[in-house]
Amino acid sequence: MSKIEVLGFLRAVNVGAKNRIKMSELVRVLSKIGLTDLRTHIQSGNLLFTAEEADHWQSAIESKITTEIKKTLKLDVTAMVRERKSVEKLLKNPNYQSEAKKDPTKAFIGFLKIEPAKNLIDALMQKQNASAHFSVVGDSIFLFCPGGMGKAKLPAFEKVLETTVTFRNVKVVRQLIELSYFMP
């Protein structure tokens with residue numbers, strides 16, 4: 001088996017008063033489940049680590065992270081993980097690049113727990129509006145909010161797509177990728 005570089009995204013961590021986790025505590029807890037070269041980036045549940053590539057590695061690691069946080073920290077947190085190379089490929093998508101170049105601070109990637117069915121994606125696309133442009137590519141959502149996310153009229157992504165999603169600003173995602181180049 002070969003090692004792969006992984007980016008992890010925890011949903012709803014350190015947002016408001018709920019699900020507060022110190023990143024040093026998160027590293028301590030997740031080191032117990034075999035994640036190696038584990039690091040965090042900013043205080044919102046962004047992870048970098050290496051893992052052994054195997055069949056179903058993604059769902060296995062997501063489950064281990066979620067279970068360990070619940071068991072040890074008593075918090076309900078959903079984890080989404082992606083191989084670094086797949087996230088780099090996402091950022092090179094022409095549809096996404098055109099929006100992100102306009103203003104990267106208003107461009108986001110949503111990491112979905114599962115890839116939604118086509119009929120659900122079609123239903124979501126009917127909810128586009130001037131304040132939020134988005135497209136679904138596999139298990140990710142590209143989102144651009146010209147007036148900023150706080151002012152955007154966003155659809156209930158999770159309800160419409162019937163899966164969990166966590167969004168990250170493209171700037172943060174790029175920083176995670178850059179940091180992964182310096183992993184041991």
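Readers should treat all values here as calculations from the given coordinates under stated rules, not as data from a laboratory. Remember, it's a predicted structure, so these values are computed and weren't measured experimentally. No Cβ is skipped: glycine too gets one built from the backbone with ideal geometry, and neighbour counts run over all protein chains shown.
Give me the one-decimal nm value for the distance between modelled label points at Leu91 and Ile114, 7 Å along each residue's Cα-to-Cβ direction.
3.0 nm
Between the alpha-carbon centers of segment 23-93 and segment 134-179, tell me the distance in whole angstrom.
Segment 23-93 and segment 134-179 have Cα centres separated by 18 Å.
Please compute the contact order of segment 18-151 in relative form: average sequence separation of alpha-carbon pairs under 8 Å and at least six residues apart, divided by the residue count, as a percent.
Numbers: 129 pairs, mean separation 21.6, N = 134.
Answer for segment 18-151 is 16 percent.
Residue-wise, which Karplus ³J(HN,Hα) couplings in Hz belong to segment 96-110, taking 6.51 cos²θ - 1.76 cosθ + 1.60, θ = phi - 60°, and x for glycine or proline?
6, 4, 4, 6, 5, 5, 4, 6, x, 6, 10, 10, 9, 10, x
For a 19 Å ceiling on Cα separation, which of these pairs sit above it: Lys18/Lys70; Lys18/Lys74; Lys3/Lys171; Lys101/Lys153; Lys106/Lys153; Lys32/Lys64? Let's see the in-between values first.
On the way: Lys18/Lys70 14 Å; Lys18/Lys74 12 Å; Lys3/Lys171 26 Å; Lys101/Lys153 21 Å; Lys106/Lys153 14 Å; Lys32/Lys64 10 Å.
Beyond 19 Å between Cα atoms: Lys3/Lys171; Lys101/Lys153.
What is the spread of the Cα atoms of the chain along each of their three principal axes, largest first, in whole Å?
Computed over the Cα atoms, the extents are 45, 32, 29 Å.
Per the Kirkwood definition applied to all pairs of different Cα atoms, how many angstroms is the hydrodynamic radius of segment 3-84?
Value: 12.5 Å, from the Cα pair sum.
Tell me what the chain gives for mean residue ellipticity at 222 nm when only DSSP H runs of n ≥ 4 count, each as -39,500 (n - 2.57), the sum divided by the residue total, rounded to 500 deg cm²/dmol. If you can, show how the numbers build up before the last one.
On the way: 7 runs with 67 residues, N = 184.
-10500 deg cm²/dmol, from helical runs alone.
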